[in-house]
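Read through the structure below, which is laid out as structure tokens, and then see the notes.
The values are calculated or read from the model by the stated rules, or taken from the named source; none is laboratory data. Just so it is clear, the structure is predicted and the values come from calculations on it, not from any experiment. Cβ placement follows ideal geometry from the backbone for every residue including glycine, while neighbour counts extend to all protein chains displayed. The protein model used for the area step is the full one, side chains on, heavy atoms only, and it has no ligands, DNA or RNA in it. Shrake-Rupley method; radii C 1.70, N 1.55, O 1.52, S 1.80 Å.
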Amino acid sequence: NISYEHHEQYNGNGYPRGIKGKDISLYGRIVAIADVFDALCTQRVYKEKWLLDDVVEYFKKESGEQFDPDLTKLFLDNLDKFLEIQKKYQ
């Protein structure tokens, strides 16, 4: 489910099936957030990492669109814990 659904979007504009909302498994909705967070906060050969404030604004803007709004709120409310985990595994 995770590899199949983590590119689906809460509003139905994702892929591969264009499913939306709670039709996306909980695992897919969680990993969508984790995957984008990692991608934005990590420097890649093809892009610089984003500033944390910009990442937070992106998630706020995409809450209910790309991401499950309940999970996005949970993520942002506990961002300090996620940053600790990120730092531990860098």
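Residues Q90, Q86: which one is modelled with pLDDT under 95 and not in a helix (DSSP H, G or I)? Show your work before the answer.
Values: Q86 fails: not in a helix (DSSP H, G or I).
Testing whether each residue is modelled with pLDDT under 95 and not in a helix (DSSP H, G or I) leaves just Q90.
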**Report entry** The one condition in (1) of a type in the set (S, T, Y); (2) open to solvent by 60 Å² or more (accessible area, probe 1.4 Å); (3) out of contact with any His (no Cβ under 8 Å at 6 or more places or on another chain) that Y10 fails to fulfil
**Finding:** (2)
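When the residues of the range 66-81 are filtered to those that are in contact with a Leu (Cβ under 9 Å, 6 or more places away or on another chain) and part of a helix (DSSP H, G or I), which remaining residue is nearest to V55 (Cα to Cα)? Let's see the steps before the verdict.
Filtering the range 66-81 for residues in contact with a Leu (Cβ under 9 Å, 6 or more places away or on another chain) gives 68, 71, 79.
Imposing the further condition that a residue be part of a helix (DSSP H, G or I) reduces the set to 71, 79.
Working: L71: 15, L79: 11 Å.
My answer is L79.
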Query raised in the report: Failed condition for T42, given (1) modelled with pLDDT of 95 or more; (2) within 23 Å of Q90 (Cα to Cα), with all others met?
Result: (1)
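Every residue, every condition in (1) more than 12 Å from D68 (Cα to Cα); (2) over 11 Å from the mean Cα position of the chain (by Cα); (3) part of a helix (DSSP H, G or I), yes or no:
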position	(1), (2), (3)
H7	yes, no, no
N11	no, yes, no
P16	yes, yes, no
Y27	no, yes, yes
I30	no, no, yes
F37	yes, no, yes
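For residues that are hydroxyl-bearing (S, T, Y) and open to solvent by 30 Å² or more (accessible area, probe 1.4 Å), scanning just the range 13-37, find the one that is nearest to T72 (Cα to Cα). Full working, then the answer.
Filtering the range 13-37 for residues hydroxyl-bearing (S, T, Y) gives 15, 25, 27.
Checking the rest, the ones that are also open to solvent by 30 Å² or more (accessible area, probe 1.4 Å) come to 15, 27.
On the way: Y15: 20, Y27: 14 Å.
Once the filter is applied, the top-ranked residue is Y27.
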Query - Residue selected from the range 38-90 under the condition free of Cβ contacts under 8 Å to residues at least 24 places away in the same chain and among the hydroxyl-bearing types (S, T, Y), by the criterion surrounded by the most Cβ atoms within 10 Å (Cβ to Cβ) - result: S63
